[in-house]
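The values are calculated or read from the model by the stated rules, or taken from the named source; none is laboratory data. Note that this is a predicted model, so its numbers are computed, not measured. All Cβ positions, even for glycine, are placed from backbone atoms using ideal geometry, and neighbour counts span all protein chains on display.
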Amino acid sequence: MAPRARQVLIVGAGAFGISAALSLRRRGHTVVLTDPGPLPHPDASSTDISKIIRADYGADGFYAELADHALDAWERWQAGWSRPLFHRTGFLLLRSRELRPGDYEYDGFTTLREHGWPVSRIDTDTLERYPAWAGGPYVDGYWNPRAGYAESARVMSLLIAEAQELGVDVRPGLRCVELLDSDAGVAGARFDDGSEMRADETIVAAGAWTPQLVPELQPVMWATGQPVMHFRPTDRQPYEADRFPVWGADISTTGWYGFPVHSNGTIKIGNHGPGVRLEAGDPGEVAPQIIDACREFLAGSLPGLAVAELESTRLCLYCDTFDGDFWIDRHPARKGLLVAAGGNGHGFKFVPLLGELIADVLEGRENPVARRFRWREKGRERIEQARRPPETK
Ligand SMILES: Cc1cc2nc3c(=O)[nH]c(=O)nc-3n(C[C@H](O)[C@H](O)[C@H](O)COP(=O)(O)OP(=O)(O)OC[C@H]3O[C@@H](n4cnc5c(N)ncnc54)[C@H](O)[C@@H]3O)c2cc1C
C-alpha cells in the first residue's frame, strides 16, 4: 500500500534539502522548502563553483559502491542537460612515496580494482602525461578515469528550478528560528519573520546549521571551516582538464586537492583536514598561514602556479559528525522530526541519491543503505547525556 501523502516541511535548501524535496514531491507528498535565501544560498556548502565527484574512499567499499551509483546518476543527468555541468575529467591521486597497504591511496586503488574499476597505477614515467606535475616530489599514485567534478552552484540552481516546476513550494527568505514542539512531537517550525508553518513531518536539512536547530546533536555534529583558494594563472593552457584533471596530492597526509581551470579562468585548490571548529553563521576567514602553506605546496609541486594571483578565498563549512557518516534518520524522541545532514565534506556527489534515501526513511521503507546513516547508538548515548538537565548542587 502506498504511504499516505504527508505535508512535509524542509528546513534548508542545500544538497540534502533539495534532493529530499524532489524525491518527496515525486512520491506525491506536499513539500515546502524553506531557506534564508537567496537560493542557492551563498554560504551553503553546496554553493561553490565545483565539487569532486569520485568513488575513491580508501578501504571503505560502502561509499565506493554508493558513489558508483551516484556516478551513473550524474552521467544520466548530464545526458539530459543542455550544457556540461558534470565534467568527467578523471581523478589523479598522487603520493610522494610508494603506496603501502593501509594508505588511503593504496586501499582506494585496491578497493576500486576489486569492484572492477579501470584504475591504473601512476609512476614518474606515466606522470609525464600530466606535465604540470612532472618533476615534483610524486613517485606513485593512481589514476581513476571514472570521476570528475560538478559545477555545484549551477547544479543547485537547476535543481531548485526543477523542484519549483514539480510543485515544491520553495520559500527563500525564511530562516527557521525554532522547531514547534507539541506533546505529540514536532509540529512544524517558527521563522525569523514571526510566521509559523505546521507540517506532518519536519526535515531539518540545514547543513552546518543543523546542530543549532537540534541542539541535542551538538555532541555528535558540528561545523568546521575548511579553506578554499581560487588562483588565476596567467596561462590557463597547462591546467586544462585533459592534462590537469581533478587531483589529490598526498591528500591523506597533507589534505591538498584541486581542480582543472574552470570556465571563469580560475583554479580552485582546497585543503581537506580537521579544519577549524566554528559556530555556523560565523563567516570565518582563511588564515594567512594556510595561504602561505598553500604557496609553499605549490612551489614544491606545481611551480607554474606558485606565483599565480590569488583571486579569492573562502572558508566553507563542513557539517561534521563524530564518525564521518551522514545523519539521515527520524529523531528517536521527537516524533515528526527527521534530520538529514552531516555531509562531512563529501556529501555533494550523492545529491542524485540522497533524496530517495531520505524519502525512504520518512515513509518507513526498509533501505539497507540508510542503515549506515541511522541515529547512531553511540550518538544516542551521548545525546541522552546532553539532554539530561544539569545536576543541581
Ligand atoms: C570546502 C568544501 C569542499 C567540499 N568538497 C566536496 C567535494 O569535492 N565533493 C563532495 O561530494 N562534497 C564536497 N563537500 C561537501 C558538500 O559540499 C556537503 O556535504 C553538502 O553540500 C552538504 O549539503 P547540505 O544540504 O547538508 O548543507 P548546505 O549546502 O550547507 O545547505 C544547508 C542549507 O540550510 C540553510 N539553512 C541554514 N540555517 C537555516 C535555518 N535556520 N532555516 C532554514 N534554512 C537554513 C542554508 O542557507 C543552506 O542553504 C565540500 C564541502 C566543503 C565545505
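Of all residues in the stretch 47-64, those that are farther than 16 Å from R154 by Cβ and touching a residue at least 12 places away in the same chain (Cβ under 8 Å) have Cβ atoms under 6 Å from Cβ atoms of residues that are of a type in the set (A, V, I, L, M, F, W, C) and in a helix (DSSP H, G or I), 6 or more apart or on another chain, in A55/A64; A55/A67; Y57/A64. Considering the stretch 86-128 alone, what residues qualify as being without any contact (Cβ under 8 Å) to a residue 12 or more places away in the chain and surrounded by fewer than 20 Cβ atoms within 10 Å (Cβ to Cβ)? Listed by number, the residues that qualify are R100, P101, G102, R113, G116, D125, E128. When E311, E366, E384 are checked against the criterion of being in a strand (DSSP E or B) and either at pLDDT 95 or above or touching a helix residue (DSSP H, G or I) at 6+ places or on another chain (Cβ under 9 Å) (or both), a single residue qualifies: E311. If the condition is being surrounded by 22 or more Cβ atoms within 10 Å (Cβ to Cβ) and in a helix (DSSP H, G or I), then the stretch 133-155 contributes S152, V155. Taking the listed residues L99, L127, the one that is more than 30 Å from L354 (Cα to Cα), more than 14 Å from the ligand (Cβ to nearest atom) and in a helix (DSSP H, G or I) is L127, with no other qualifying.
Every residue in the stretch 309-328 that is surrounded by fewer than 21 Cβ atoms within 10 Å (Cβ to Cβ) and either of a type outside the set (S, T, N, Q) or farther than 25 Å from G281 by Cβ (or both), please. Of everything in the stretch 309-328, those that are surrounded by fewer than 21 Cβ atoms within 10 Å (Cβ to Cβ) and either of a type outside the set (S, T, N, Q) or farther than 25 Å from G281 by Cβ (or both) turn out to be E309, L310, E311, L315, F322, D323, G324, D325. Taken over the stretch 1-58, the criterion of being among the β-branched types (V, I, T) and over 20 Å from D329 (Cα atoms) is satisfied by T47, I49, I52, I53. Taking every residue in the stretch 346-372 that is of a type in the set (D, E) and pairing it with any residue that is within 11 Å of the ligand (Cβ to nearest atom) and modelled with pLDDT of 95 or more, at least 6 positions away or on another chain, the pairs with Cβ-Cβ distances below 9 Å are E356/S19. In the stretch 204-224, the residues that are closer than 15 Å to D282 by Cβ reach residues that are of a type in the set (D, E) and more than 8 Å from the ligand (Cβ to nearest atom) with C-beta atoms within less than 7 angstrom, at least six apart or across chains, in these pairs: W222/D320; A223/E279; T224/D320. Listed conditions (1) surrounded by fewer than 21 Cβ atoms within 10 Å (Cβ to Cβ); (2) assigned by TED's automatic domain parsing to the domain that holds V351 are all met by P233, apart from (2). With respect to the conditions (1) over 30 Å from I290 (Cβ atoms); (2) buried (at least 19 other Cβ atoms within 10 Å of the Cβ), V261 falls short on a single one, namely (1). Residues that are more than 14 Å from the ligand (Cβ to nearest atom) and β-branched (V, I, T) were ranked within the stretch 15-74; the one that is nearest to G148 (Cα to Cα) is V31.
Quick check: is even one residue across the stretch 276-297 modelled with pLDDT under 95, assigned by TED's automatic domain parsing to the domain that holds D235 and closer than 30 Å to R100 by Cα? Looking for residues that are modelled with pLDDT under 95, assigned by TED's automatic domain parsing to the domain that holds D235 and closer than 30 Å to R100 by Cα, one finds at least one in the stretch 276-297, hence yes. Each residue in the stretch 227-239 was checked for being within 11 Å of the ligand (Cβ to nearest atom) and out of contact with any Leu (no Cβ under 7 Å at 6 or more places or on another chain), and 1 of them qualify.
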